[in-house]
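This report refers to the structure that appears directly beneath it.
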């Protein structure tokens, strides 16, 4: 989450590819309740939106789970 918050211009591609690989390999192990707790503390709204955008291209089903989480406790950033 932290690396998605404000990646540097040089690190953006690396962070994106790392997140894609993590989603592909560990999407079933990623617990969204932890992210929900973080969002309820009013933190990392931009990170969860970036994660959602990346997940759309990798795994649409996982992206739908993130979308439901955003609708529940966060907001979409355009």
Fill in the blank from the handout: Final fewest-first order of 52, 5 on the 10 Å Cβ neighbour count is 5, 52
Completion exercise
CD proxy, 222 nm, the chain: helix-only mean residue ellipticity via -39,500 (n - 2.57) per DSSP H run with n ≥ 4, per residue, nearest 500, stands at -22000 deg cm²/dmol
Practice task
For residue 31 and residue 57, calculate 0.36 nm times their separation in residues minus their Cα-Cα distance, and state this gained length in nm to one decimal.
Solution key: 7.4 nm
Handout entry: Highest-fluctuation residue, 48, 66, 38 considered, GNM on the chain with Cα pairs under 10 Å
Key = 38
Exercise for the section: Order by neighbour count: 19, 58, 34, fewest other Cβ atoms within 10 Å first, most last. Expected result: 34, 58, 19
Practice task
Would you order 29, 59, 64 from fewest to most other beta-carbon atoms within 10 Å of each residue's own beta-carbon?
Solution key: 29, 64, 59
Practice task
Subtract the Cα-Cα distance of residue 10 and residue 77 from 0.36 nm times their separation in residues, and report this length gain in nm to one decimal.
Solution key: 21.8 nm
Fill in the blank from the handout: Computed over the chain, the relative contact order (Cα-Cα under 8 Å, seq sep at least six) in percent reads 37
Handout entry: Compactness of the chain as Cα Rg over 2.2 N^0.38 Å, two decimals
Key = 1.02
Practice task
Could you check which residue among 39, 30, 51 shows the biggest mean-square fluctuation in a GNM of the chain with a 10 Å Cα cutoff?
Solution key: 30
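Every number in this text was worked out from the coordinates using simple rules, so none of it is lab data. In this text, all values refer to a predicted model and were calculated from it rather than measured experimentally. Ideal geometry is used to build each Cβ from the backbone, glycine not excepted, and the neighbour counts take in all protein chains shown.
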